[in-house]
Amino acid sequence: MSDISHAEYRRRRVKRLKRMILGAIFILITLPLACSIWLLCEMHAKENELAEITAQYEAQLQITDELQQKLDEQTAEAEAKYEDLLAQMTEQSAQENIEVEEPGEVPDGIRRVYLTFDDGPSVYTEQILEILDEYNVKATFFVTGLEAETNPERYREIVERGHSIGMHSYTHKYSEIYKNKESFIKDYIKIRDYLTETVGVTPTIYRFPGGSSNTVSQTDMDELCEYIESEGVRYFDWNVSSGDATRYELTPEKITANCLNSVGNFNTAVILLHDTGSKYSTVQALPAIIEGLQEMDDTQILPITDDTDVIQHRKNKETE
Ligand SMILES: [Zn+2]
């Protein structure tokens with residue numbers, strides 16, 4: 001082999017070797033790069049997938065929330081209807097326990113009439129107070145624990161304007177307060193403390209939701225009456241019902257007639273009225289009720305005080 005061809009041979013070998021090294025470098029660089037690009041693409045796809053699944057999950061959650069909300073609303077509605085029905089039944093059974101006196105001479109020459117408003121305060125409390133002021137009449141409010149923002153002022157107004165304030169349970173939910181003695185006491189303490197804190201005095205009168213003769217209580221009412229009395233509190237029922245709590249709203253004329261027609265049967269008449277947002281006809285009837293009472297001979301409209309004779313359905317029951 002000549003020197004030239006030998007040199008040529010070496011040169012070609014070196015060249016081939018160079019090419020091989022460059023090829024290897026190229027592969028070493030591009031392969032990881034390609035892998036990285038592939039991984040990035042894959043990651044992006046997975047991220048999209050995850051976002052889609054998350055969105056679906058959130059949508060499901062929202063549907064669940066909506067369903068739960070609907071269920072809660074329906075449950076609340078059913079509960080309200082149940083309470084309403086209980087109130088109707090209770091009022092009817094209480095009416096049966098009202099003992100009608102023989103209309104006779106009023107012992108000391110004065111018939112005492114007590115206007116009592118249950119279930120408040122409400123959007124109509126202010127109007128009721130205005131009417132009472134207009135006729136210079138004091139009444140009694142058996143209130144519940146309605147802690148709406150505007151209500152503390154209403155509780156205070158009742159007291160500041162010289163009316164009597166009594167307790168009528170905190171929740172007014174028959175199913176809760178009458179479940180057992182413990183739940184009754186818990187509710188009683190709650191309304192007592194709430195009113196003490198809000199109006200600055202502790203009320204000494206109580207009206208049982210549905211009256212002391214209600215038949216819906218799951219607890220012996222005798223026990224609850226005894227408890228109330230052991231607390232130094234007197235409970236009042238009523239002997240004249242305005243009928244304003246019935247499901248179908250009565251006209252103001254009918255409410256007025258219900259009150260005025262029965263008052264004459266009693267020397268001490270406790271009239272049941274309601275102060276709730278759904279009883280505007282009571283507000284409309286009030287002036288005529290007061291005027292009718294003021295026209296009656298030897299009749300005084302008074303607030304319930306510690307001197308007032310109690311009117312209790314249970315007492316009537318016992319003497320039967
Ligand atoms: Zn009530």
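What follows is calculated from the coordinates using simple rules that are stated; it is not laboratory data. Remember, predicted model here, so these are calculated numbers, not experimental data. Positions of Cβ are backbone-derived with ideal geometry, glycine not excepted, and every protein chain shown enters the neighbour counts.
Couple of notes before you dig in:
- Mean separation of Cα contacts under 8 Å (6+ apart) over length of the chain, as relative contact order %: 23
- Annotation for region 11-52 versus region 58-80: alpha-carbon center distance of 55 Å.
- Cα centroids of region 113-168 and region 236-257: 18 Å apart.
- Counting 0.36 nm for each residue step from LEU40 to GLU77 and taking away their Cα separation leaves a gain of 7.8 nm.
- Calculated FRET efficiency for the pair LYS70/GLU157, C-beta based, R₀ 41 Å, to 0.05: 0.60
- For LYS279, the aspartates and glutamates whose Cα falls under 18 Å of its own Cα, not counting residues fewer than eight places away in the same chain, are GLU83, ASP84, GLU91, ASP118, ASP119, GLU126, GLU130, ASP244, GLU249, GLU253.
- For peptides 157-166, 202-211, 111-120, sequence by mean Cβ density within 10 Å, most packed first: 111-120, 202-211, 157-166
- Take 253-263, 173-183, 21-31 and order them by the average number of nearby Cβ atoms within 10 Å per residue, most first; the result is 253-263, 173-183, 21-31.
- Candidate membrane-span-like segments in the chain, meaning DSSP H helices with Cα atoms spread over at least 15 Å of their own axis and a Kyte-Doolittle mean of 0.0 or above, are 280-295, with no membrane implied.
- Across the cross-link table entries LYS138/LYS190; LYS179/LYS254; LYS46/LYS70; LYS70/LYS173; LYS138/LYS254, which are compared at the Cα atoms, the separations over 29 Å belong to LYS179/LYS254; LYS46/LYS70.
- If the chain linking THR305 and TYR227 were pulled fully straight, counting 0.36 nm for each residue of separation and taking away their Cα-Cα distance, it would gain 26.1 nm.
- Whichever aspartates and glutamates have a C-alpha closer than 19 Å to that of LYS15, once near sequence neighbours (fewer than 8 apart) are set aside: ASP3
- Linear extension gain, ALA7 paired with GLU49, 0.36 nm per residue minus alpha-carbon span: 8.9 nm
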